[in-house]
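Participant: Got a structure for you, questions after.
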Amino acid sequence: MYLRIIKTILLFVMFTQTNLYAQQSFDLYGNLRTSGRQTFRLNSLESNPGNLSDAKSWELSFIYGGIFASGSQLANDIFLVSLSKRISDHYLYFRFTPGIKQEFSANTQKTISSGDSTITEILSTFISYQEKIGLGYSLQITNKFSTGLSLRYFKQILRKDDLEFVYGENIFAEPKTIAISEKINFWRGDLGINYSPLETLSFNLNTINLFCLNENGNFNDNEGLELRKQKHLSAGVNFMPRYNMNIYLNYESNNSASAGLNYGINLRGGKIIAGVSAYRDVYQNPFISGISPSISYSSQLFNVSIVGVKYFSDRNIVEPISNLIKTGIHNILNNKYSKDKLLLNINIALSFTPEKLVEFKDVKILSEIYPTLDELYTTTAFATAKVINISDQTVNVKPASFIEGINTEQIFSPIINIAAGDTVDVPFYTIISDQLKPNKKRTISQANFYLITVNSDYDDQISKPILINDMNSWDGKVSNLRYFSKYDYSYSTKFAKNILKEYKAELDNIAEELAVFSKIKILFNTFVQHMIYVSDPRSSVEFVQFPQETIDRKGGDCDDLSVAFSSILESVGVQTAFVDYKSEDGISHVNLLINTGLSPDAASLITNNDKKYYVRKNSRDKDELWIPIEMTSLADLETAWNVGADKFYKEAVENLGLAKGNVQVIDNY
């Protein structure tokens, strides 16, 4: 249905458009937008005919500014006063615009000769273009889709002098100057569609001059001085590459365009947004006709913005009125005769208490934070909250969290839909900043949780203490040892390649089928030469060394040795898996399964004992031979293989450990 509506609008505009037109989507707020939530409306109907806004209940705003008429002379005026109201999914907007106007005056010298007499008269022409009021309505159809319309009422005035002649009987009388005045009032209507497939991406499609209803005809014999009202389209995209940053691009059908960048920072309970926009208008020179820098500060109660407009061409050149008749005026705010501007925008919330739709009942911390397991927390919740919808409508809730010490900004979790009166469990995920990963000391920090609903700031927030472990801390789950193994592949790769380089001649003469097994043997025998078994220090938390630490310290326990050798093999393309032998007291013993790359029918190349290998799938779903290795047996590969194979066959196969879950094999890829 939505695509059908868009297609209908496109076809209508394509078949009714005949001429070029100037850029229409010039914005009185300098396209000042933020990637965070907007408490106030920071756009005007010029760039937002669909009337989309995140503003809350009642809002009053006005724009006061000056136009640099000539040189540094500043002409002040109230540009706009507006009032808006949100009612559930409906948003209503009204504006009075005394400052949206442009006026022109011209003098024409007219000479009349009759016989021996010549009469010269100076005739004046005055043209005024004004927008008087604007109306807007929008409807939030779904969380991702909204549509709306805008109506604006324009007034045009033309006053010009002319000559009236009086004739007697064959006698020429002197001409008399008379004033001719004409007025044209009309309504202009436009539609807009807004679509947000992602939290960080939105699109809009707007009509311009979709329909114009004249109240009282046209200028007689002066149609070239009327506001041009060709129908066309404007399309835009907004993208948030990161929190509080917004990049936008707006394109119009005749290659006019605008683009800008905005960035916001939180400050003392409010937000500062700074940005700059650039404009391209086919009727203006140079190619980039002007820029609009802007800055604003928003709190819960008000917003103050300052917007400047600077054009790159000389706007004080006097031109004949014939040029105005030829090119016409397409946009009162932005045309080749527009002057530089400096605007002050003030928004005031008339409803001081935000409507609260949801609230926390409780938050439960599910896990301490282990910084080395950072990837885990993007898919596994570290906390869950019971959240209740206290409103009488279905609400979309965007959960967010901030953990002091590991986050540099709020981390948003997936949006949750909660029906009226329902209580649901809401998961919270996080992303650990590389710059803030702790190194040596475990600390107790604060986890701050927030609930954000559509068109409001935080509905509720709560804080809970959370333990942040050091980098070597481990949660005891063998499945998470892979994060330690992968931590620094660059070191492991260098270590492995330096060893293999010394055995290049030997490896070059080995059959291709045994290449992987030979690498395993060389790397293991070299790795264990200087290793000793060292148990973990007594501690309330599991401790795992990184591969480089194990190699530098020349020892470790089963976890450390398995992690280190797995990392060495994986860094040169040999697949490994951790074997988790669970005991009744809950303590695990860890060994490795290593993929030899041999197919089952080639087992005799390395052993005739079918109890010394295990057939399982590789990463490409192909059956290959895997050998169990006891990593605490530090003599040589053959010995470690025999010990590991005996243990694996007895506990995993004979005692049905794999079937009962007492033995688990966890791939390290």
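Participant: Considering only the range 319-390, give the strands (runs of 3 or more DSSP E) lying wholly within it that have at least 3 residues that are within 30 Å of L158 (Cα to Cα).
Facilitator: Answer list for the range 319-390: 341-349.
Participant: In the range 464-513, which residues are among the hydroxyl-bearing types (S, T, Y), under 30 Å from G661 (Cβ atoms) and either in contact with an Asp or Glu (Cβ under 6 Å, 6 or more places away or on another chain) or surrounded by fewer than 16 Cβ atoms within 10 Å (Cβ to Cβ) (or both)?
Facilitator: S479
Participant: Please enumerate the residues belonging to the range 253-290 that are part of a loop (DSSP other than H, G, I, E, B), closer than 22 Å to V237 by Cα and in contact (Cβ under 8 Å) with a residue 24 or more places away in the chain.
Facilitator: Once the filter is applied, which keeps residues that are part of a loop (DSSP other than H, G, I, E, B), closer than 22 Å to V237 by Cα and in contact (Cβ under 8 Å) with a residue 24 or more places away in the chain, the range 253-290 yields S253, N254, N255, S256, D281, V282, I288, S289.
Participant: Determine, yes or no, whether T327 is of a type in the set (S, T, N, Q) and outside the structural domain of I63 (by TED's automatic domain parsing). Walk me through it before giving the result.
Facilitator: On the way: of a type in the set (S, T, N, Q): yes; outside the structural domain of I63 (by TED's automatic domain parsing): no.
Taking the combined requirement at face value, the residue does not satisfy it.
Participant: Would you say L481 is under 27 Å from Q545 (Cα atoms), under 35 Å from the mean Cα position of the chain (by Cα) and hydrophobic (A, V, I, L, M, F, W, C)?
Facilitator: Values: under 27 Å from Q545 (Cα atoms): yes; under 35 Å from the mean Cα position of the chain (by Cα): yes; hydrophobic (A, V, I, L, M, F, W, C): yes.
For L481, the condition - under 27 Å from Q545 (Cα atoms), under 35 Å from the mean Cα position of the chain (by Cα) and hydrophobic (A, V, I, L, M, F, W, C) - is met.
Participant: Could you tell me how many of the residues in the range 251-294 are under 18 Å from E46 (Cα atoms) and of a type in the set (D, E, K, R)?
Facilitator: Going through the range 251-294 one residue at a time, the tally reaches 3.
Participant: Ok, one more. For the range 490-524, how many residues meet the condition of being closer than 20 Å to I627 by Cβ and basic (K, R)?
Facilitator: Number of matching residues: 2.
Matching residues to (1) more than 24 Å from V309 (Cα to Cα); (2) assigned by TED's automatic domain parsing to the domain that holds N285; (3) touching a Ser or Thr at 6+ places or on another chain (Cβ under 7 Å); (4) of a type in the set (G, A, S):
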{"position": "M240", "(1), (2), (3), (4)": "yes, yes, yes, no"}
{"position": "N246", "(1), (2), (3), (4)": "no, yes, yes, no"}
{"position": "E252", "(1), (2), (3), (4)": "no, yes, yes, no"}
{"position": "S256", "(1), (2), (3), (4)": "no, yes, no, yes"}
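Conditions (1) of a type in the set (A, V, I, L, M); (2) touching a residue at least 12 places away in the same chain (Cβ under 8 Å), marked per residue:
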residue	(1), (2)
N323	no, no
L344	yes, yes
E359	no, yes
L376	yes, yes
G405	no, yes
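Participant: Show the residue pairs meeting these rules: Cβ distance below 9 Å; 6+ apart or different chains; first residue within the range 299-318 and farther than 18 Å from G275 by Cα and exposed (fewer than 13 other Cβ atoms within 10 Å of the Cβ); second residue at pLDDT 90 or above and of a type in the set (G, A, S).
Facilitator: Pairs that qualify, where the first residue is farther than 18 Å from G275 by Cα and exposed (fewer than 13 other Cβ atoms within 10 Å of the Cβ) and the partner is at pLDDT 90 or above and of a type in the set (G, A, S), are S313/S289; S313/G290.
Participant: Could you please give the count of residues in the range 542-563 that are in a helix (DSSP H, G or I) and of a type in the set (A, V, I, L, M, F, W, C)? So that I can check it myself, show each step before the final result.
Facilitator: Of the residues in the range 542-563, the ones in a helix (DSSP H, G or I) are 547-553, 558-563.
Then keep just the ones that are of a type in the set (A, V, I, L, M, F, W, C); that gives 551, 558, 561, 563.
So the answer is 4.
Participant: Could you list, in sequence order, all residues of the range 209-252 that are under 19 Å from K155 (Cα atoms), in a strand (DSSP E or B) and not polar (S, T, N, Q)?
Facilitator: Within the range 209-252, F211, C212, L213, L227 meet the criteria.
Participant: Could you tell me how many of the residues in the range 654-669 are assigned to a helix (DSSP H, G or I) and more than 52 Å from the chain's Cα centre (by Cα)?
Facilitator: Qualifying residue count, the range 654-669: 1.
Participant: Kindly indicate the residue of the range 65-124 that is among the small types (G, A, S), outside any strand (DSSP E or B) and at pLDDT 75 or above and also farthest from L344 (Cα to Cα) among those meeting that condition.
Facilitator: Only one residue tops the list, namely S88.
Participant: Considering I411, I332, which residue is surrounded by 14 or more Cβ atoms within 10 Å (Cβ to Cβ), hydrophobic (A, V, I, L, M, F, W, C) and modelled with pLDDT of 90 or more?
Facilitator: Sole residue among the options that is surrounded by 14 or more Cβ atoms within 10 Å (Cβ to Cβ), hydrophobic (A, V, I, L, M, F, W, C) and modelled with pLDDT of 90 or more: I411.
Participant: Checking I587 against (1) touching a residue at least 12 places away in the same chain (Cβ under 8 Å); (2) within 47 Å of the chain's Cα centre (by Cα): exactly one of these is not met. Which one?
Facilitator: Among (1) touching a residue at least 12 places away in the same chain (Cβ under 8 Å); (2) within 47 Å of the chain's Cα centre (by Cα), I587 violates only (1).
Residues are listed down the side, and each one gets a yes or a no for (1) hydroxyl-bearing (S, T, Y); (2) more than 28 Å from the chain's Cα centre (by Cα); (3) within 24 Å of I265 (Cα to Cα):
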{"position": "F382", "(1), (2), (3)": "no, no, no"}
{"position": "I390", "(1), (2), (3)": "no, yes, no"}
{"position": "V397", "(1), (2), (3)": "no, no, yes"}
{"position": "A400", "(1), (2), (3)": "no, no, yes"}
{"position": "I403", "(1), (2), (3)": "no, no, yes"}
{"position": "I411", "(1), (2), (3)": "no, no, yes"}
{"position": "I418", "(1), (2), (3)": "no, no, no"}
{"position": "G421", "(1), (2), (3)": "no, yes, no"}
{"position": "I444", "(1), (2), (3)": "no, yes, no"}
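Participant: A further question follows. Could you run through the range 544-581 and say how many residues are crowded, with 16+ Cβ neighbours inside 10 Å, in contact with a strand residue (DSSP E or B) (Cβ under 7 Å, 6 or more places away or on another chain) and not small (G, A, S)?
Facilitator: 16
Participant: Further question: Looking at the range 528-541, which of its residues are outside any loop (DSSP other than H, G, I, E, B) and surrounded by 15 or more Cβ atoms within 10 Å (Cβ to Cβ)?
Facilitator: First, the residues of the range 528-541 that are outside any loop (DSSP other than H, G, I, E, B): 528-530, 532-533.
Result: V528, single match.
Participant: Here's a follow-up. Suppose we filter the range 340-399 for residues that are surrounded by fewer than 15 Cβ atoms within 10 Å (Cβ to Cβ) and of a type in the set (S, T, Y); how many remain?
Facilitator: So the count comes out to 6.
Participant: Select from the range 268-312 the residues that are of a type in the set (A, V, I, L, M, F, W, C), closer than 27 Å to L60 by Cβ and modelled with pLDDT under 85 and list them in ascending order.
Facilitator: L301, the sole residue that qualifies.
Participant: Do we find that S150 is under 19 Å from S53 (Cα atoms), at pLDDT below 90, buried (at least 16 other Cβ atoms within 10 Å of the Cβ) and not aromatic (F, W, Y) in this structure?
Facilitator: In short, no.
The values are calculated or read from the model by the stated rules, or taken from the named source; none is laboratory data. Computed from a prediction, not measured in an experiment: that's the story for all the values here. For neighbour counting, all protein chains shown are included, and Cβ atoms are generated from backbone atoms with ideal geometry for every residue, glycine included.
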